[in-house]
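This is the structure, below, for whatever I ask next.
Just so you know, all these numbers are worked out from the coordinates, no wet-lab data involved. Values in this document were obtained by computation on a predicted structure and should not be read as measured data. Neighbour counts run over all protein chains shown; Cβ positions are idealised from the backbone, glycine included.
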Amino acid sequence: MNASAQEAPAILVQGLTRSFGGPPVLHDLDLRVDWGEIFVLFGANGSGKTTLIRSLATLARFDSGLVQIGGKDLRTNAVSLRRSIGVLTHQTFLYDDLTAYENLRFYGRMFRVPELEARIRNVAERMGVHRLLHKRVRTLSHGMQKRISLARAVLHDPPILLLDEPETGLDQEALGLLDGLLAGEDRARRATIMTTHNLDRGLALGDRVAILADGRIAYQQSRDSLDMEGFRGAYARHLSEVGT
């Protein structure tokens, strides 16, 4: 992102609406995430978390509303903005019959990553998969595929990270690597949205936490000013899996 983009909010969403033929999954949703911020989003299954992440990542269309990334409209700049976004969802976006290295090289070339070979080695080591680079993805465990997918998401050093329940399938070691990645020295120039069901991890990582319910942000507060009693009350009202 250039200097002018860094002056605008990292992510600005106004009136976002998305439906699939029935009641809207996202309804007139407003959201702002600033540079350097980790925004953690809680929500029950079916609340629209994945739809929101996919919409922001240009993986799915939304019906109406405004989405800006670094001040640029997502609808009219989707191709160029995609290079600024790293996304991790329940899909790995890996090709099963290619090796981990071949997958990373493919995405690196697509995103025109400079010094690609060195970058692949670097992210593979950071995610603890450097010894698996020449194994075919389909032969790897789900947890290792998830690690490689995370390496894919950060390979092009994106200033926007969109993580949909990233802890799913990761062991404790990988969770520690993920936390280190999010809290790294370059976090000031990055903005992250992370959805999770893990209350403790979300509260520990997030600069701001929010709850998605009925297609809108039903609650949000910065961690520094968080009223835990009020938050837990809102959490209990909007999520059935309290405490999980």
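Please give the helix 142-154 orientation as an angle from the longest Cα principal axis of the chain, in degrees from 0 to 90, rounded to the nearest 10.
80 degrees
Helix 100-110 versus the longest principal axis of the chain: what angle, 0 to 90°, nearest 10, using Cα atoms?
70 degrees
Under a Cβ-Cβ cut-off of 11 Å, what is the net charge of the residues other than Lys146 that fall near it, where Lys and Arg count +1 and Asp and Glu count -1?
Details: positive: Arg147, Arg152; negative: Glu165, Glu167, Asp171.
Charge balance in the 11 Å sphere: -1.
Sticking with this structure for a sec: Order these peptides, 95-101, 62-68, by their mean beta-carbon neighbour count within 10 angstrom, highest first.
Working: 95-101: 16.0, 62-68: 17.6.
Listed from highest to lowest mean packing, they are 62-68, 95-101.
Decide, for the chain, between rounded, prolate and oblate: order the square roots of the alpha carbon gyration tensor eigenvalues as a ≥ b ≥ c, take rounded if a/c falls under 1.5, and otherwise choose prolate if a/b is larger than b/c, else oblate. Working shown, then result.
Values: a/c = 1.62, a/b = 1.37, b/c = 1.19.
Here the chain falls in the prolate category.
While we're looking at this one, here's another question. Using alpha-carbon pairs under 8 Å, 6+ residues apart, how would you state the relative contact order of the chain in percent? Please list the in-between numbers first.
Details: 445 pairs, mean separation 68.7, N = 244.
Relative contact order of the chain: 28 percent.
Let a ≥ b ≥ c be the square roots of the eigenvalues of the Cα gyration tensor of region 106-177; is it rounded (a/c under 1.5), or, if not, prolate (a/b larger than b/c) or oblate?
Judged from the Cα gyration tensor, region 106-177 comes out oblate (a/c at least 1.5, b/c at or above a/b).
Compute the length gained on full extension between Glu115 and Phe93: take 0.36 nm times their separation in residues and subtract their Cα-Cα distance, giving the result in nm to one decimal.
Details: separation 22, 0.36 × 22 = 7.92 nm, distance 2.25 nm.
Stretched out fully, the Glu115 to Phe93 stretch lengthens by 5.7 nm.
Moving on to the next point. Quick one: 3J(HN,Hα) in Hz for region 156-169, Karplus 6.51/-1.76/1.60 with θ = phi - 60°, rounded, Gly and Pro as x.
Per-residue couplings from phi come out as 8, 6, x, x, 10, 10, 10, 10, 9, 6, x, 6, 4, x Hz.
Right, another one. Normalising by the residue count of region 121-244, find the relative contact order in percent from Cα pairs under 8 Å and 6+ residues apart. Walk me through the numbers on the way to the answer.
On the way: 104 pairs, mean separation 23.1, N = 124.
Across region 121-244, relative contact order equals 19 percent.
Name the residues whose placed amide hydrogens come within less than 5 Å of the amide hydrogen of Gly36, ignoring near sequence neighbours (fewer than 5 apart) on the same chain.
Arg190, Ala191
Shifting gears a bit: Multiply the residue separation of Asp214 and Ala78 by 0.36 nm, subtract the distance between their alpha-carbon atoms, and state the gained length in nm to one decimal.
Details: separation 136, 0.36 × 136 = 48.96 nm, distance 2.70 nm.
Roughly 46.3 nm would be gained on extension.
For region 24-132, how big is Rg over Rh, using alpha carbon atoms and the Kirkwood form of Rh? Can you show the working numbers first?
Numbers: Rg = 16.4 Å, Rh = 16.3 Å.
My calculation of the ratio gives 1.00.
Given the rule -39500 (n - 2.57) for each run of at least 4 DSSP H residues, summed and divided by the residues of the chain, what is its mean residue ellipticity at 222 nm, to the nearest 500 deg cm²/dmol? Don't skip to the answer; put the middle values down first.
Details: 9 runs with 82 residues, N = 244.
About -9500 deg cm²/dmol.
What net charge do the residues around Thr195 carry, taking every other residue with its C-beta under 13 Å from that of Thr195, with Lys and Arg at +1 and Asp and Glu at -1? Spell out each step's value before the answer.
Values: positive: Lys49, Arg54, Arg201; negative: Asp164, Glu165, Glu167.
So the surrounding residues net to 0.
Does anyone have the angle between helix 172-182 and the longest principal axis of the chain? Alpha-carbon axes, 0 to 90°, nearest 10?
Taking Cα atoms only, the helix is inclined about 80 degrees.
Once you put a point 7 Å from the Cα of Glu125 and another 7 Å from the Cα of Leu66, both along the Cβ direction, what distance in nm separates them?
Modelled inter-label distance: 4.5 nm.
When the Karplus curve 6.51 cos²θ - 1.76 cosθ + 1.60 is applied with θ = phi - 60°, which whole-Hz ³J(HN,Hα) does each residue of region 7-19 get, with x for Gly and Pro?
Rounded to whole hertz, the list is 7, 7, x, 4, 9, 10, 10, 9, x, 6, 9, 8, 10.
In whole Hz, what ³J(HN,Hα) sequence does region 183-190 give by Karplus (6.51, -1.76, 1.60; θ = phi - 60°), x for Gly and Pro?
Here the 3J(HN,Hα) series is 9, x, 5, 8, 5, 5, 9, 10 Hz.
Also: Specify the inter-centroid distance of region 154-199 and region 93-140, based on alpha-carbon positions, in whole Å.
Cα centroid of region 154-199 versus Cα centroid of region 93-140: 18 Å apart.
Okay, moving on. Report the label-to-label distance for Ser222 and Arg189 in nanometres (one decimal), using points 7 Å from each Cα along the Cα→Cβ vector.
2.4 nm
Can you give the Kirkwood hydrodynamic radius of region 149-244 from its Cα pairs, in Å with one decimal? Write down the numbers at each step before the final one.
Details: mean 1/r = 0.0686 Å⁻¹.
It works out to 14.6 Å.
Can you list the residues, at least 5 places off or on another chain, whose amide H is less than 5 Å from the amide H of Val25, using H built in the peptide plane?
Those qualifying (amide H under 5 Å, at least 5 residues apart or on another chain) are Arg18, Ser19, Phe20.
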